[in-house]
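J.: Provided herewith is a single structure, encoded as C-alpha cells, for subsequent inquiry.
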Amino acid sequence: MGEVLSQNEIDSLLAALSSGELDVEEMQEKDEVQVKDYDFTRPAKFSKEHLRTLGMIFDHYGRLLSTNLPVYLRKNVQVSVASSETVTFAEFSNALSNPVLLTIVNFAPMQGSIIMELTSGLGYAIIDRMLGGKGETLEKTREFSEIEMSIIERIMVICMQLLREPWKNVVEINPFLERIETNPQFAQVIAPSDMVALVTMNVKIGDVEGLMNVCLPFFTLESVMDRLNTKYWFSNMQKMDEEDYEQFLEVMVRKVDVPVKAVLGQSVITVNDFVNIQVGDIIRLDSKVNDELDVYVGNIKKFNAVPGASKEAYAVRVTSVIREEE
C-alpha cells in the first residue's frame, strides 16, 4: 500500500506545482522504466563473458593446431580465431554447404557432443597433401570417397585430441570421435531451436584458406557455465604455472620413441665391389668376433654390448653404459 499524504503535504505539493517549482513532465520521465526487448525464441544463455572466455580457449587451441598440424601435413599452417557468437542450431545447420565435413565429438565426461565443421576446400587440400601432392584444393566440389574420409578422420582425431589442453583450465575432458558426416541433415545432435556458441576460426594451409567452425551447444556446456569466465580461467592458469613440472616433463620424455641400433662393425669397399656383390660373398668388418658392439641411441653412442639371441629374435646384452663425460 502506498504512502498516504497528509492535508498539509497535499497543499504544499499543489502550491509547488502552481508556482512552477515542480515540473510534472520531468517527474513522469523520472518514473519511466527503460524496458529491454527479450526474444523468447533466442534466449540469452551465453553472456559476453562466456563468449570472451571461449574465444581465449580456442585462441590457445589455434596455436596448438598451428604447431602440431605441420608435422603431419609438412606444410605451414596458420590458425586464428575470427569470431565467437551465439546462434540457434537451426541457423548454424542451415548455413552449411553440401558436402561439408562435420566431425561429431563426444565431449566426455560432459553430456552431449560438439561439432567441428571443416570446409570442403580445406578437406581437399589436406587429402592432397597427405597423398603427396602440393596441398591444392579442387575447383569443383564433389563427394568424398571412403579412402579420403579415412584420411580426414586421422587428421580430425589429432585435432580433437588437441582440445584437452586448452580446456583443462575449465574442466578435464576426454573427447572421442563419434563419426564424421558430409551431409548436414545427418548431424542433428540437438533440437533446431536450442542455442549454441559458435566459434569461427580462420585456417590457412599453405596457400589454401578456409574456415573451421566449432559448434558448442548450451546443453553440453551447461554443467561448467559458471567456470566459463576469465577470472576463473586465469586463476586456474596461475595455479598450474606455480606447479612443479619436473615430474610431468619426465613422464612426457619417457614416452618419446627413439631409434636404437647395435653396430656389428664397419667396412669400406669400392663401388665396383658393391655393384658385383653376390649371395655368399663375405665382407670383412673392422671388428673381431669377441669384440663388444657399439649401441647407439639416435646418433649418440650410449652403450657397449655383446650379441646374442632372445627366443627367436636377435638381441644384445648391455655390458657398460657410456656417460656424457666419457
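Values quoted throughout were computed directly from the atomic coordinates according to the rules given, and no laboratory measurement underlies them. Quick caveat: nothing in here was measured; it's all calculated off a predicted structure. Cβ atoms come from the backbone with ideal geometry, glycine included; neighbour counts cover every protein chain shown.
J.: What are the lysines whose alpha-carbon lies under 25 Å from the alpha-carbon of Lys168, with same-chain residues fewer than 8 places away excluded?
T.: Lys45, Lys48, Lys231, Lys239, Lys255
J.: FRET efficiency for Ile282 and Arg154, Cβ-Cβ distance as r, R0 = 41 Å, nearest 0.05? Intermediate values should be presented prior to the final figure.
T.: Numbers: r = 46 Å, r/R0 = 1.12.
Computed FRET efficiency for Ile282 and Arg154 comes out at 0.35.
J.: Expressed in nm to one decimal, what extension gain is obtained for the pair Gln111 and Lys301 from 0.36 nm per residue of sequence separation less their Cα-Cα distance?
T.: 63.3 nm
J.: Quickly rank 283-294, 193-204, 119-130, 60-71 as a protection proxy: mean count of other C-beta atoms within 10 Å, highest first. Walk me through the numbers on the way to the answer.
T.: Working: 283-294: 12.0, 193-204: 19.9, 119-130: 22.3, 60-71: 16.8.
Per-residue Cβ counts within 10 Å, averaged per peptide and sorted highest first, yield 119-130, 193-204, 60-71, 283-294.
J.: Follow-up question, since we're still on this one. Taking 0.36 nm per residue of separation and subtracting the Cα-Cα distance, what length does fully extending Ile322 through Ser66 add?
T.: 88.3 nm
J.: If you don't mind, there's one more thing I want to ask. For region 260-321, report the translational diffusion coefficient in µm²/s to the nearest whole number, using Stokes-Einstein at 10 °C, 1.306 mPa s, and a Kirkwood Rh over Cα pairs.
T.: Approximately 118 µm²/s, per Stokes-Einstein.
J.: Could you calculate the FRET efficiency of Thr200 with Val253 from 1/(1 + (r/R0)^6), where r is the beta carbon distance between them and R0 is 35 Å, rounded to 0.05?
T.: With R0 = 35 Å, the Cβ-Cβ based efficiency is 0.45.
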